[in-house]
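K.L.:
Supplied in structure tokens, the structure appears directly below.
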Amino acid sequence: KNEVEQSPQNLTAQEGEFITINCSYSVGISALHWLQQHPGGGIVSLFMLSSGKKKHGRLIATINIQEKHSSLHITASHPRDSAVYICAVRPSGGGADGLTFGKGTHLIIQP
Amino acid sequence: KAGVTQTPRYLIKTRGQQVTLSCSPISGHRSVSWYQQTPGQGLQFLFEYFSETQRNKGNFPGRFSGRQFSNSRSEMNVSTLELGDSALYLCASSRSSPGLGANVLTFGAGSRLTVL
């Protein structure tokens, strides 16, 4: 069974701090997604990774396929970064499985 | 360009009724996937369609069904509603077949269903 574990579950930090959210999964994957969800429900796709590292503005996502682990980093965090960050993976092998999601990390950035 | 449109945004039903939710993908996107989000279970995959064919299905009872039309619009239906079906139902669209793996998803705002 494919499982996705995120840590920490909750994180409160001060504005300007460097933030790291971790995601570990149990099966081989073809892709890993990092999603952001603000209060009210809307989900935005931040990154889709199958290897290496991606950067977009203050956000950086990395993945280590051998260790089945990914991290999402936020540099110079800002209160508007406060949201739930969700990791999701798609198993590889061409099977009939859709995305499996982590429980999410609730991030609060205080001014 | 227009995003993913879900209708209705909010609805209230009673136990035993059925509900149909609609999802219009981004123009040119041929893959639509559906998800259920609840406080207890988080996000769970329901099903995925590409070119009018169901490609993947999550672990939900047969009361949950869906379809995709030739214009890529998709609907999902839940019959014989139960209290536990109260949730936010999200759809997402992407350009390519789900099996390719490397598909960026664009989510709709969701349909919030309350079952009384």
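The values are calculated or read from the model by the stated rules, or taken from the named source; none is laboratory data. Keep in mind the model is a prediction, meaning the values are calculated, not measured. Cβ atoms come from the backbone with ideal geometry, glycine included; neighbour counts cover every protein chain shown.
K.L.:
Yes or no: region B:28-38 includes at least one residue that is touching a residue at least 60 places away in the same chain (Cβ under 8 Å), hydroxyl-bearing (Ser, Thr, Tyr) and within 20 Å of A:Phe101 (Cβ to Cβ).
P.N.:
Yes, region B:28-38 has at least one match.
K.L.:
Residues that are within 12 Å of chain A (Cβ to nearest Cβ) and in contact with a Gly (Cβ under 7 Å, 6 or more places away or on another chain): which strands (runs of 3 or more DSSP E) entirely in region B:7-91 hold 1 or more of them?
P.N.:
B:31-38, B:42-50, B:53-57
K.L.:
If you take the residues of region A:66-111 that are farther than 16 Å from A:Gln6 by Cα, assigned to a loop (DSSP other than H, G, I, E, B) and hydrophobic (A, V, I, L, M, F, W, C), which of them is nearest to the other protein chains (Cβ to nearest Cβ)?
P.N.:
Once the filter is applied, the top-ranked residue is A:Ala96.
K.L.:
Just checking, how many residues over region A:21-60 are of a type in the set (Gly, Ala, Ser), surrounded by 12 or more Cβ atoms within 10 Å (Cβ to Cβ) and closer than 26 Å to B:Pro39 by Cα? Write out each step before concluding.
P.N.:
Just the residues of region A:21-60 that are of a type in the set (Gly, Ala, Ser), to begin with: A:24, A:26, A:28, A:30-31, A:40-42, A:45, A:50-52, A:57.
Within this subset, residues satisfying the condition of being surrounded by 12 or more Cβ atoms within 10 Å (Cβ to Cβ) are A:24, A:26, A:28, A:30-31, A:41-42, A:45, A:50.
With the extra rule that they be closer than 26 Å to B:Pro39 by Cα, the set shrinks to A:24, A:26, A:31, A:41-42, A:45.
Here the count works out to 6.
K.L.:
Okay, next question. Condition check: loosely packed, with under 15 Cβ neighbours inside 10 Å, touching a Lys or Arg at 6+ places or on another chain (Cβ under 8 Å) and assigned to a strand (DSSP E or B). Does B:Thr114 satisfy that?
P.N.:
Spelling it out, B:Thr114 is indeed loosely packed, with under 15 Cβ neighbours inside 10 Å, touching a Lys or Arg at 6+ places or on another chain (Cβ under 8 Å) and assigned to a strand (DSSP E or B).
K.L.:
If we scan region A:16-33, do we find a residue that is of a type in the set (Asp, Glu), within 14 Å of chain B (Cβ to nearest Cβ) and touching a residue at least 24 places away in the same chain (Cβ under 8 Å)?
P.N.:
no
K.L.:
Which residue, of B:Arg95, B:Arg55, is charged (D, E, K, R) and surrounded by fewer than 16 Cβ atoms within 10 Å (Cβ to Cβ)?
P.N.:
Of the residues listed, the single one that is charged (D, E, K, R) and surrounded by fewer than 16 Cβ atoms within 10 Å (Cβ to Cβ) is B:Arg95.
K.L.:
Something else now. I'm trying to understand the selection: among the residues of region B:92-103, which are at pLDDT below 85 and at the interface with chain A (Cβ under 9 Å from one of its Cβ atoms)?
P.N.:
Scanning region B:92-103 gives B:Pro98, B:Gly99, B:Leu100, B:Gly101, B:Ala102, B:Asn103.
K.L.:
How about region A:34-55: which of its residues are over 21 Å from A:Val4 (Cα atoms) and either among the β-branched types (Val, Ile, Thr) or modelled with pLDDT of 95 or more (or both)?
P.N.:
A:Lys55 - this is the single residue of region A:34-55 that is over 21 Å from A:Val4 (Cα atoms) and either among the β-branched types (Val, Ile, Thr) or modelled with pLDDT of 95 or more (or both).
K.L.:
Given the residues A:Ala83, A:Ala13, A:Ala61, which is the only one that is over 30 Å from B:Gly3 (Cβ atoms) and out of contact with any Cys (no Cβ under 7 Å at 6 or more places or on another chain)?
P.N.:
Matching residue, one of A:Ala83, A:Ala13, A:Ala61: A:Ala13.
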